[in-house]
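Below is one structure, written out as structure tokens, with a few remarks after it.
Every read-out reported here was derived from the displayed coordinates using simple, explicitly stated rules and does not represent laboratory data. All values derive from a computational prediction rather than experimental measurement. When we count neighbours, we look across all protein chains shown, and the Cβ atoms used for this are built from the backbone with ideal geometry, even at glycine.
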């Protein structure tokens, strides 16, 4: 979809040295991804350290988004659903990349990322019936760890259940404050609010959960970083979506979810210009566990159509 960003990026020696500190954490917790990246470097002729810095280190902020998970008990077709608005620079929707991944001896998946990011995933669904995505809550960087884009890819490759994904997220060192939302074919939903100083998992009993912009568990709020209008957006969405769920549970389908994702009144789809870039939703997607495709919208959902793409 769309054009190709400038790639490979240009890094100073200082940035590369920092990036390799993060690479060491990936070596401990997801070494098979390093092997894959080395293969990409060998095949492309791009220096491995440049690719590793690009994929593994926090030289750029991560997306602050909205994600919701809905148990099949509450959907029209009885299928668990995960939906996401990816909040970033709007024009970057043209760089959306859908990756069909089939690693040898592991689990195939459909994952979402940007062109140029070969390993990274910012969400997806795998062939075992597990879907996940995330939203950043703090960009303070306390030290080397496993970035959310790398953790998401490893989980899609290796985890068939929510509990397995949670176990991985609990053990890895964290980089920034990130909330993950996970759902599997058994309708098990977990919210993992992950920070280097503290990580908390909540299993959801009523079949519905959402995350957006900030941690919302009382035990994790002290780790939030309040950037720009994030608090206003967070509060508006946390007020709207639970009411939307209560009004529609039992009959939730793609059309209802799309209407919610593009809602302006409650700031689900918000737009602002910072003098340089248009900020808002750069893409949206919806997956239903048990179906072989995903609905994807490149660009703000209020202006663009959702299209179907196969998972395999």
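Measure off 7 Å from each Cα along the Cα-to-Cβ vector at residue 186 and residue 91, then give the distance between these two points in nanometres to one decimal.
4.7
How do 264, 279 line up, fewest other C-beta atoms within 10 Å first? Let's see the in-between values first.
On the way: 264 10, 279 17.
Taking fewest neighbouring Cβ atoms as first place, the list is 264, 279.
What whole number of Å gives the distance from the Cα centroid of region 12-43 to the Cα centroid of region 245-301?
Answer, in whole Å: 33.
What is region 13-55 by shape, rounded, prolate or oblate, if you read a ≥ b ≥ c off the alpha carbon gyration tensor as root eigenvalues and call it rounded for a/c under 1.5, prolate for a/b larger than b/c, and oblate otherwise? Present the calculation step by step, with values, prior to reporting the outcome.
Values: a/c = 3.10, a/b = 1.07, b/c = 2.90.
Verdict is oblate for region 13-55.
Grab the beta carbon distance between residue 229 and residue 104, set R0 = 51 Å, and tell me the FRET efficiency rounded to 0.05. Don't jump to the answer; show the numbers that get you there.
Numbers: r = 45 Å, r/R0 = 0.88.
Taking R0 as 51 Å, the efficiency between residue 229 and residue 104 is 0.70.
Is the C-alpha gyration tensor of the chain telling us rounded, prolate or oblate? Criteria: a/c under 1.5 is rounded; beyond that, a/b larger than b/c is prolate, otherwise oblate.
Numbers: a/c = 1.41, a/b = 1.33, b/c = 1.06.
It is rounded, given that a/c, with a ≥ b ≥ c, falls under 1.5.
If one takes the longest principal axis of the Cα atoms in the chain, at what angle in degrees, from 0 to 90 and to the nearest 10, does the Cα axis of helix 162-171 lie?
40
What is the fewest-to-most order of 10, 303, 243 by other Cβ atoms lying within 10 Å of their Cβ?
Values: 10 7, 303 14, 243 10.
Starting with the residue having the fewest Cβ neighbours, the order is 10, 243, 303.
Could you give the length gained by full extension between residue 139 and residue 222, i.e. 0.36 nm per residue of separation minus their alpha carbon distance, to one decimal place? List each step's numbers first, then the result.
Working: separation 83, 0.36 × 83 = 29.88 nm, distance 1.36 nm.
Result: 28.5 nm gained on full extension.
Between residue 7 and residue 205, with labels modelled 7 Å along Cα→Cβ, what's the label distance in nm to one decimal, could you check?
Going by the 7 Å Cα→Cβ label model, 4.5 nm.
On a full-extension model of 0.36 nm per residue, what is the gain between residue 21 and residue 73, subtracting their alpha-carbon distance, rounded to one decimal in nm?
Numbers: separation 52, 0.36 × 52 = 18.72 nm, distance 4.44 nm.
Between residue 21 and residue 73, full extension yields 14.3 nm more.
Roughly how many whole Å is it from the C-alpha centroid of region 164-202 to that of region 63-97?
About 17 Å separates the Cα centre of region 164-202 from the one of region 63-97.
Compute the acute angle (0 to 90°) between the alpha-carbon long axis of helix 31-44 and the principal axis of greatest extent of the alpha-carbon atoms of the chain; round to the nearest 10°.
Taking the Cα atoms of the chain, the angle to 31-44 is about 70 degrees.
Note the full-extension length gain between residue 265 and residue 251 as 0.36 nm times their separation in residues minus their Cα-Cα distance, in nm to one decimal.
On the way: separation 14, 0.36 × 14 = 5.04 nm, distance 2.24 nm.
Taking 0.36 nm per residue and subtracting the Cα distance, the gain is 2.8 nm.
Cut-off is 10 Å between beta-carbons; in what order do 223, 272, 309 appear when sorted fewest neighbours first?
Numbers: 223 20, 272 11, 309 14.
Fewest-to-most Cβ neighbours within 10 Å comes out as 272, 309, 223.
Going by a ≥ b ≥ c, the root eigenvalues of the Cα gyration tensor, does region 196-312 fall in the rounded group (a/c under 1.5), the prolate group (a/b larger than b/c) or the oblate group? Could you put the intermediate results ahead of the total?
On the way: a/c = 1.61, a/b = 1.14, b/c = 1.41.
Oblate, because a/c is 1.5 or more while a/b does not exceed b/c.
Mind pulling the angle between the C-alpha long axis of helix 148-158 and the longest principal axis of the chain? Nearest 10 degrees, somewhere in 0 to 90.
80
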